[in-house]
Structures are given as structure tokens and as C-alpha cells.
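The values are calculated or read from the model by the stated rules, or taken from the named source; none is laboratory data. Being a predicted model, the structure only gives us computed values, none of them experimental. All Cβ positions, even for glycine, are placed from backbone atoms using ideal geometry, and neighbour counts span all protein chains on display. Areas reflect the complete protein model, heavy atoms only, side chains present, ligands, DNA and RNA absent. Shrake-Rupley method; radii C 1.70, N 1.55, O 1.52, S 1.80 Å.
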Amino acid sequence: MAAEQYDELGAEYAEHTASSPANAYYDRPAILALAGDVAGRRVLDVGCAAGHLSARLVERGAEVTGIDVSPVMVRLARERCARVAGGRAEFHRADLAEPLDFLPDGSFDLVTASLVLHYLEDWVPPLRELRRVLRPGGALVMSVHHPGEDWHWFDRPDYFRTEMVTDEWPLPSGPREVHFYRRPLSSAFSALRRAGFDVDQLVEPMPLPECAQADPYWYTLLMTRPRFLYFRAVNPER
């Protein structure tokens, strides 16, 4: 389902996320802050979309492997990172709902997963795969829709239910429907633990100060209401 959604959105989505306040001044900075120093690190960028985060990681010295379920997004990521990567980025079409058999055990120092897990109903199998490809001591840094905000935004009667919801994105060509799963915080935390991760940090970030000038409405919104939720989880050395 996610592949078809983003194949259709294509370049329009790529352009939107390049500068949208929630992506440029909130999500990517929060992911990069949790990732820390990535110079010389091997990074798997899961759900890499059009490669905006991958490009930032490469610019900071990482060696990046990006995967996405959408062939259109993989092509756009390759085109974007070809300008900055210098051979330090490669991209593959892969479905996170399936085993990542082409990736060896312990082959990455860091996994980033920006706004991707909420497209899956069951997190445990993909999280186990991401732990498998991480070296002991390596970290997963991920963002998902905030459970409390989704429950409120979509006016759902049962906070504790994991369920598919439909959002409408206002893009230049017109509104587009996007489908994903919402779940309670306890379910998200439990999935990480069941997959074998130790949760190191749980973060509700603030937008960058530059957002105030770029989009005052979104700046106020992001300063006063949680939009996304961030985890840093570690593959334990045991």
C-alpha cells in the first residue's frame, strides 16, 4: 500500500518534504540530533523516500545505504544523492514488511527510520530485522506519528486500539489521501522491547528557531502540540 501511495505522489512529494516545516525544521533535525556524529559510520536509512535525510547523512560523513518500498522514491533518492555522495550512498527497493535478506548481519552502525514504521500494522518482525543488521551497540533512531496527537486529530473513540486511519495531505495538485496505522504509546514501546532493543531515549522535540520566520503558523503548532515521536533504541551488547 505504501509503495502505491508514494509512487503516485512521486516528485511532488519530494518537493513538498524538501521544505515543509514539519520535515525541514522538525523531523530531520530531530533525527540528526539523535543520530549524533555519523562521520565514518555505516548507516541504513530505512524508508529513505526522496533522499533528503540520506543526503544530510552523507554530508556529515556517513556511508549510507537507503531502502524504500517505492521504486519512484528510490530513483529520486539516487538522483538527489548523486550530487553529494561521491560514491558513499547506494539505494535499493526493499519492503520493510519482508526480510532484508540482502543485508548481512551486523553490517550497520546506525539505522534511521524517519516516519516509516506507522505504515506497518505489526512492528515486531521488521524491528527484529533492523536489529539483526545492526552491530552490537549500534542504534536505531526512528520517528513516528505521535500517538496522542493522532488519537486527538482523528477523533478516535479508543486510544488503546491499533487501527488504520486516513489522512488528507494538501499538495499543490490537490488533496491526497494517505493511509497509515495509529497505536498507543505502550504498543510502540512494547514492540521495541519485544524485538530485543533497549530504549535509550524518548524525545518530543521542538522545531528549529528558523521555523518561526519560515512558517509562523507551523512554528506555533509545533511548539505547542506534539506532532511526531522519536525513539533512540540500542542493540544491546550481550
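Under a 5 Å amide H to amide H cut-off, with H placed in plane at 1.01 Å, what residues pair with R176 once short-range neighbours are removed?
W169, L171
Write down Rg/Rh for segment 117-238, rounded to two decimals, with Rg from the C-alpha atoms and Rh from the Kirkwood relation over Cα pairs.
On the way: Rg = 16.2 Å, Rh = 16.0 Å.
Checking Rg against Rh, the ratio lands at 1.01.
Using amide H atoms built 1.01 Å from N in the peptide plane, name the residues 5+ places from D200, or on other chains, whose amide H lies under 5 Å from its own.
Residues meeting the criterion, in which the H sits 1.01 Å from N, are R232, A233, V234.
Connecting C-alpha atoms closer than 10 Å in a GNM of the chain, tell me which of A89, A18, A77 has the biggest fluctuation.
Maximum fluctuation in the GNM of the chain, among the listed residues, is at A18.
Can you give me the % of accessible surface on segment 134-217 that is carbon or sulfur? Probe 1.4 Å, all protein chains present, nothing else counted. Let's see the in-between values first.
Values: 2470 of 4630 Å².
About 53 percent, which is the carbon plus sulfur part of the accessible surface.
Please state the charge dipole magnitude for segment 134-238, taken about the Cα centre, from unit charges on C-beta atoms (+1 on K and R, -1 on D and E), reported in debye and rounded to the nearest 20.
Here segment 134-238 has a charge dipole of around 440 debye.
Tell me which residues come under 5 Å, amide H to amide H, from A89 once H is placed; ignore anything under 5 positions away on its chain.
Residues meeting the amide H criterion: V64.
Would you mind getting the accessible area per residue of segment 19-71, heavy atoms of the protein chains only, 1.4 Å probe, in Å²?
So segment 19-71 comes to 30 Å² accessible per residue, rounded to a whole number.
Which one, S19, Q201, V124, is farthest towards the positive end of the dipole of the chain when Lys and Arg carry +1 and Asp and Glu -1 on their Cβ?
Q201
If you place +1 on the Cβ of every Lys and Arg, -1 on the Cβ of every Asp and Glu, and leave all else neutral, what size is the dipole of the chain about its Cα centre, to the nearest 20 Debye?
Its charge dipole is roughly 720 debye.
Can you tell me the order of 124-132, 29-37 when each peptide is scored by its average per-residue count of other Cβ atoms within 10 angstrom, highest first?
124-132, 29-37
If you average the alpha carbon positions of segment 126-143 and of segment 72-94, how far apart do those two centres end up, in angstrom?
Each part's Cα centre sits 21 Å from the other's.
Leaving out ligands, DNA and RNA, what percent of the accessible area of segment 29-79 is carbon and sulfur, probe 1.4 Å?
46 percent
Per residue, how much accessible area does segment 88-238 show when a 1.4 Å probe rolls over the protein heavy atoms, in square angstrom?
Numbers: 7720 Å² over 151 residues.
Using a 1.4 Å probe on heavy atoms only, each residue of segment 88-238 averages 51 Å².
Taking the Cα atoms of the chain alone, what are Rg (to one decimal) and Dmax (as a whole number) in Å?
My reading of the Cα-based Rg and Dmax gives 16.8, 51 Å.
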